[in-house]
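Below is a structure I'd like to ask you about.
Bear in mind that the values in this text are calculations on the coordinates, not laboratory data. If you're wondering where the values come from, they're calculated on a predicted model, not measured in any experiment. So basically every Cβ, Gly included, is an ideal-geometry build from the backbone, and we count neighbours across all protein chains shown.
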């Protein structure tokens with residue numbers, strides 16, 4: 001984003017020389033070219049960069065101060081159809097077992113990939129059918145429990161057995 005959005009405009013300028021008008025023009029141009037969400041991401045990056053520079057006393061003012069996001073973020077409402085889920089499930093047969101298992105666990109539990117990948121052996125209780133995700137591994141920072149279906153239990157049990165059998 002820095003290479004594509006910021007450097008072409010500001011490469012030869014000092015940070016102190018960049019004013020609110022410059023930021024606003026950058027964001028307006030990004031929205032005008034049909035990239036409103038990119039404008040929001042660019043604004044967030046520029047604001048963070050100038051906040052960092054302000055904390056380090058590189059600049060005396062953040063030109064983003066008092067500015068809001070250029071566009072309202074839109075809610076995603078796209079969900080996979082049953083046919084798409086079925087096609088994905090079948091396509092996973094051609095993938096390495098680790099990849100297929102992780103993606104299937106995401107589908108079956110509706111948990112984030114990071115939470116699936118950070119699952120520790122002590123987190124799922126195969127006997128009770130519950131997976132407790134510790135707060136340190138949850139995106140929202142709060143511990144929560146996930147019920148485990150028979151398919152999930154089978155995948156986790158297989159992974160655990162494969163782990164125990166490996167050197």
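I'm trying to understand the selection: among the residues of the stretch 1-12, which are surrounded by 11 or more Cβ atoms within 10 Å (Cβ to Cβ) and over 26 Å from the mean Cα position of the chain (by Cα)?
9, 10
Any chance you could count how many residues in the stretch 13-48 are in contact (Cβ under 8 Å) with a residue 12 or more places away in the chain and farther than 14 Å from residue 70 by Cα?
4
Still on this structure: Can you tell me how many residues in the stretch 134-154 are in a loop (DSSP other than H, G, I, E, B) and either farther than 20 Å from residue 89 by Cβ or within 17 Å of the chain's Cα centre (by Cα) (or both)? Before you say what the answer is, go through the steps one by one.
Filtering the stretch 134-154 down to residues in a loop (DSSP other than H, G, I, E, B) leaves 134, 138-143, 148-149.
Imposing the further condition that a residue be either farther than 20 Å from residue 89 by Cβ or within 17 Å of the chain's Cα centre (by Cα) (or both) reduces the set to 134, 138-143.
Adding up the residues that qualify gives 7.
Test residue 101 against the criterion of being in contact (Cβ under 8 Å) with a residue 40 or more places away in the chain and farther than 30 Å from residue 31 by Cα, and give yes or no.
So residue 101 fits the description; yes.
To continue, here is another question. Going by the structure shown, is residue 127 surrounded by fewer than 16 Cβ atoms within 10 Å (Cβ to Cβ) and at positive phi?
Considered against the rule, which asks whether it is surrounded by fewer than 16 Cβ atoms within 10 Å (Cβ to Cβ) and at positive phi, residue 127 comes out as no.
Right, another one. Assess whether residue 149 counts as being more than 30 Å from residue 24 (Cβ to Cβ) and in contact with a helix residue (DSSP H, G or I) (Cβ under 7 Å, 6 or more places away or on another chain).
Judged against the criteria, residue 149 is a match.
Taking the stretch 109-131, which residues are within 11 Å of residue 153 (Cβ to Cβ) and in a loop (DSSP other than H, G, I, E, B)?
126, 127, 128, 129
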